[in-house]
Amino acid sequence: MKNTEEYKKFVSLALEQISNYLWALGYTYQCNEFYKDSLNIERVKIKFENKLLDRSIEFHHSKNNYGKINRSNISVFIQNSKRSYILEDILKNEKINYESSKFSLLSYEGVFEQRITSFYSYLIDLFENAKIKKWLLGDKWADIPFDWGQYK
């Protein structure tokens, strides 16, 4: 994998910057994995889990170039044993304002480490929203309809 060093740094910084926050909510670090998805895109996954609540949180990071566009995206998933939702879908469903561009590290200033720090600061602010915290603490789970968009 050509982005291995960046992905290792992403894991290290995640463990430094968000694991204590998640630990306070009962989540423990489970694993990280470097992989290629079905489109052969390199990714890294970090997983935290709260077994008592049947919840896990996964962070997936990919740094890819699509044509001349450089992207460095982070997807956050909240899961239970039956379903998985991307955080952005939960935010939309709960009618919580957020900036989708903030899930790209390129929207932040500075070097990689500064961008990661800014992202996790933004993410913790989202997690502190009372509606999202209910999801994280196991007080809420809902069926969110899939938005087929233009494919209806």
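The numbers here are math on the coordinates, done by the rules we state, and not lab data. Just so we're clear, the structure is a prediction, and the values are computed from it rather than from any experiment. Virtual Cβ from ideal backbone geometry, glycine too; neighbours counted across all protein chains shown.
Structure data summary
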| read-out | value |
| --- | --- |
| Which of R115, R83 has the fewest Cβ neighbours within 10 Å, and the rest in rising order | R83, R115 |
| Rg/Rh (Cα only; Kirkwood hydrodynamic radius) as it applies to the range 12-146 | 0.95 |
| Under 17 Å from K9, Cα to Cα: aspartates and glutamates that are on another chain or at least 8 residues apart | E33, E42, E58, E113 |
| Cβ-Cβ FRET estimate between L39 and D139, R0 fixed at 30 Å, reported to 0.05 | 0.25 |
| Likely footprinting exposure, S38, S72, S100, S19, fewest C-beta neighbours within 10 Å first | S38, S100, S19, S72 |
| Listed residue pairs exceeding 25 Å between alpha carbons, taken from K95/K134; K92/K133; K102/K134 | none |
| Contact order relative to length of the chain, as percent, for alpha carbon pairs under 8 angstrom and 6 or more apart | 17 |
| Radius, Kirkwood style, for the range 1-40 when every pair of distinct Cα atoms is counted (Å) | 11.6 |
